[in-house]
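S.K.: Please read through the structure below; I'll follow up with questions.
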Amino acid sequence: MPATIGTAPGKIILYGEHSVVYGRHAVAVPVSKVRAKASIFPRPDLKPDEIKISAPDIQLDCQLSGLPLEHPFAKIFELAKENLNLDHFPAFDLHIKSSIPVAAGMGSGASVSIAILKALSSFLGKPFSSEELSRLSFEVEKIYHGNPSGIDNTVVAYNQPIFYKRGAPLQLLRVHTPLMFVIADSGIKSSTFDMVEKVSKARTDAIPQFESFFDRMDWIAIEARKAIEGNPSEDMGSLLTQNHRLLQQIGVSCPELDSLVDAALKSGADGAKLCGAGGGGNMIALVNPNSAGPVSQALQEAGAANIIVTTIQEND
């Protein structure tokens, strides 16, 4: 029998990391050049609920029944069973592969969760909607990140650029002109959970100052939306760099990320900033077809572990 496959893209946050956790706006876009893929192979020769999971990227090869209840994959199956009103699953093998860097700010956890949920619900003949995929994967995000904003699961589930505010109705973004970005990996793994906790603790000791930082990030995200939708009052590149300087001030950048941001700006990028929780992971640079090559080369020379060039296309 053929496999049932679910896939999901990676993501980058263009504006609003960390401030989005505190009720401010953020802008995020999917990155289709990297993806998670879940493949289900039926095993009619086995008993119900005999499910083998293979995820070589994280050195996992086991039976579902062997996972602890608090494991993200166990949570995915629990949520799927509950929301599909199942007493048991038919037996199958689940293979998971992902080209999304782990612990690098590109939404690998949300993407894998959504790829599995897509494959599971399609295999069982009851495909989840984008809203359901987002809602269910958010519960798994709590295991990965502790206090997630909800932005990762939302942008990955809908696979569209979004203007996001925690608890507010979803707003899809209309991209007026294609946007080209160079994404550079610092090579340093970073825990979103740890970085969110770090910001939370630092904010406790300086609430007025941090609220001011977050308010400024909110303004940047709002202005960036206008620029993306073709009604600019501020320059997108400048907004990126301003956002990075604020992230430096709240303590989530690191020398390696700062070095990559500086290299991108000196080599012709329109703007640059860290991308994701910080402390490592990726940075992004806004470029054009002429500057993409020189910026990519400069980032490699500055020590980037990996380079991705991606374009966010215009939409209606």
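S.K.: Can you give me the distance in nm between label points at Gln249 and Lys266, each placed 7 Å from the Cα along the Cα-to-Cβ direction?
M.R.: It is 2.5 nm.
S.K.: May I pose another question? So, with +1 on the Cβ of K and R and -1 on the Cβ of D and E, and no other charges, what is the size of the charge dipole of segment 40-127 about its Cα centre, to the nearest 20 debye? Mind showing how you got there, number by number?
M.R.: On the way: 8 positive and 10 negative charges, 50 e Å.
Charge dipole of segment 40-127: 240 debye, to the nearest 20.
S.K.: Lys52: which lysines have alpha carbons under 18 Å from its alpha carbon, excluding same-chain residues fewer than 8 sequence positions away?
M.R.: Lys52 reaches Lys37, Lys75, Lys81, Lys97, Lys118.
S.K.: Still on this structure, please answer the following. Suppose every Lys and Arg Cβ carries +1 and every Asp and Glu Cβ carries -1, with no other charges. What dipole size does segment 178-316 come out with about its Cα centre, to the nearest 20 debye?
M.R.: Values: 10 positive and 18 negative charges, 53 e Å.
Rounded to the nearest 20 debye, it is 260 debye.
S.K.: Below 8 Å, C-alpha to C-alpha, sequence gap of six or more: please give me the relative contact order for the chain in percent. Could you put the intermediate results ahead of the total?
M.R.: Working: 708 pairs, mean separation 69.5, N = 316.
It rounds to 22 percent for the chain.
S.K.: In the P(r) worked out for segment 174-312, what percent of Cα pairs fall beyond 26 Å? Could you put the intermediate results ahead of the total?
M.R.: Details: 2316 of 9591 pairs.
Taking all Cα-Cα pairs of segment 174-312, the fraction more than 26 Å apart is 24 percent.
S.K.: Based on the Kirkwood radius over alpha-carbon pairs, what is the Stokes-Einstein translational diffusion coefficient of segment 1-156 at 37 °C with 0.692 mPa s viscosity, in µm²/s? Before the final figure, lay out each step's value.
M.R.: Working: Rh = 15.8 Å.
Diffusion coefficient, whole number: 208 µm²/s.
S.K.: Separate question: Taking every pair of distinct Cα atoms and averaging 1/r, then inverting, what Kirkwood hydrodynamic radius in Å comes out for the chain? Working shown, then result.
M.R.: On the way: mean 1/r = 0.0500 Å⁻¹.
Kirkwood hydrodynamic radius for the chain: 20.0 Å.
S.K.: Can you give me the distance in nm between label points at Ser122 and Ile207, each placed 7 Å from the Cα along the Cα-to-Cβ direction?
M.R.: Calculated label separation equals 4.8 nm.
S.K.: What does the charge count around Ala36 come to, taking other residues whose C-beta lies under 13 Å from its C-beta (Lys +1, Arg +1, Asp -1, Glu -1)?
M.R.: Values: positive: Lys11, Lys33, Arg35, Lys37, Lys97, Lys118; negative: Asp57, Asp152.
Surrounding charge for Ala36 is +4.
S.K.: Cα-based Rg (one decimal) and Dmax (whole number) for segment 82-156, in Å?
M.R.: 12.8, 37
S.K.: What are the aspartates and glutamates whose alpha-carbon lies under 16 Å from the alpha-carbon of Lys226, with same-chain residues fewer than 8 places away excluded?
M.R.: Cα-Cα hits under 16 Å: Asp218, Glu234, Asp235, Glu314, Asp316.
S.K.: Say we join alpha carbon atoms closer than 10 Å with springs in a Gaussian network model of the chain; which of Ser65, Ser191, Ser134 then has the biggest fluctuation?
M.R.: Ser65
S.K.: Volume per residue, Å³, of the convex hull around the alpha-carbon atoms of segment 174-231?
M.R.: On the way: hull volume 6.5 nm³, N = 58.
Normalising the Cα hull of segment 174-231 by residue number yields 112 Å³.
S.K.: Taking neighbour counts of Cβ atoms within 10 Å as a proxy for exposure, in what order, fewest first, do Thr311, Thr204, Thr154, Thr4 appear? If you can, show how the numbers build up before the last one.
M.R.: Details: Thr311 14, Thr204 9, Thr154 24, Thr4 20.
So the residues, fewest neighbours to most, are Thr204, Thr311, Thr4, Thr154.
S.K.: Might you report the magnitude of the Cβ-based charge dipole of the chain about its Cα centre, with Lys and Arg at +1 and Asp and Glu at -1, to the nearest 20 debye?
M.R.: Numbers: 28 positive and 34 negative charges, 46 e Å.
With only Lys, Arg, Asp and Glu charged at Cβ, the dipole is about 220 debye.
S.K.: I've got another one for you. Taking θ = phi - 60°, what integer Hz values does the Karplus form 6.51 cos²θ - 1.76 cosθ + 1.60 yield along segment 45-60, in sequence order, with x for Gly and Pro?
M.R.: 7, 10, 6, x, 6, 8, 10, 9, 10, 10, 9, x, 4, 10, 6, 10
Read-outs throughout are calculated quantities, based only on the coordinates presented, and are distinct from any laboratory measurement. Small disclaimer: the values here were computed from a predicted structure and weren't measured. Using ideal geometry, Cβ is built from the backbone for each residue, glycine included, and neighbour counts are taken over all protein chains shown.
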